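The next block holds one structure in the form of C-alpha cells; read it before the comments.
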Amino acid sequence: GIEFIDSYVFNKVEDIRFNSTVGRYVGYTEHGVKNAEAWNSDAGLLGQEQAELERVCKTGAAIDYSNILDKT
C-alpha cells in the first residue's frame, strides 16, 4: 500500500504529522499534541489530507507503475 506523510516542522523539530495509514494527525511535542487534537476534530482538514493522498500518491503511483510496465 501507499503511505502518505505530511510533516509540520517548527524550529527544526517535527511538531505534528498527518499519517494516511492511521488517517489522523499525531503530535510529537506538547504543542503538536494539542494541535493534533484540534486538527483531528476538523473534518475539513482531514479531508484535505486525504485529497492530497489521492492527488499526489495514487496518481504518481499509477504513472510509475505504467512506466515500469512499458519498460518490461
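Observations
- Other residues with beta-carbon under 12 Å from the beta-carbon of ARG24 carry, at +1 per Lys or Arg and -1 per Asp or Glu, a net charge of -3.
- Net length gained if the chain between GLU54 and GLU37 were fully extended (0.36 nm per residue, minus Cα distance): 3.8 nm
Quick note: the coordinates plus some simple rules give every number you see, no bench work behind them. None of the values given here were measured: they were computed from a predicted structure. Here the Cβ is made from the backbone with ideal geometry for all residues, glycine too, and neighbour counts use every protein chain on show.
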